Amino acid sequence: MPRIKELPAESRPRERLIYDGSETLSDVELLAVLIGTGTAKKSALGLAREVYDRFGGLRGIAGRNLSELMAIEGIGEAKAAVVAACYEIATRIVELVAADWELELREMQRAGLEASAEASAEARSRRDG
C-alpha cells in the first residue's frame, strides 16, 4: 500500500474529509484520519485497515482497551488514546441523544393521554347533553 503522501490529494482521507465531507469516507478512511500517521512499514490507511480487520469493524473496535489496540504494531499510546477518546465521545453522544428521545417520547405519551382524556370528557359531555 502506498504512503498517503504518495496518493493524489483527491484520494487522501484527510483531504477528502475536508473537501467532500466526512460522510464520503469509508470506516477505514475515517479511522486513518484518527490514526494520523503511519510507520516506516505501513501507511495510516494500512494501520487503519489492520485495526479494522483485527477487531471485525467499528463495532469490534468499540470498547477495546488501550493495550488491545497497542498490540498492533504501529499503534502506540498516542494513536490508541485518540481512537479510544473518539469512541468515548461517540458513546456519550449516543447516550445524550437516547435521553433526548426518551424525554420526547414521554412528552408525546403525556400529550396523547391528555388529548385522549379531553376527547373522552367531550364525548361524555355530548352524550349527557
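Values in this text are rule-based calculations from the coordinates and carry no lab data. The model shown is predicted, which means the values in this text are computed figures rather than measured ones. Positions of Cβ are backbone-derived with ideal geometry, glycine not excepted, and every protein chain shown enters the neighbour counts.
Some notes on this structure:
- Residue pairs whose Cβ atoms lie under 6 Å apart, separated by 6 or more positions or on different chains, with the first residue in region 48-65 and closer than 19 Å to Ile89 by Cβ and free of Cβ contacts under 8 Å to residues at least 40 places away in the same chain and the second among the acidic types (Asp, Glu) and surrounded by fewer than 18 Cβ atoms within 10 Å (Cβ to Cβ), are Leu58/Asp27.
- Members of region 23-41 that are surrounded by 16 or more Cβ atoms within 10 Å (Cβ to Cβ) and either in a helix (DSSP H, G or I) or more than 14 Å from the chain's Cα centre (by Cα) (or both): Val28, Glu29, Leu30, Leu31, Ala32, Val33, Leu34, Ile35, Gly38
- Subset of region 51-65 [farther than 16 Å from Ala85 by Cα, of a type outside the set (A, V, I, L, M, F, W, C) and surrounded by 17 or more Cβ atoms within 10 Å (Cβ to Cβ)]: Tyr52
- The listed residue being part of a helix (DSSP H, G or I) and charged (D, E, K, R), out of Glu68, Glu73: Glu68
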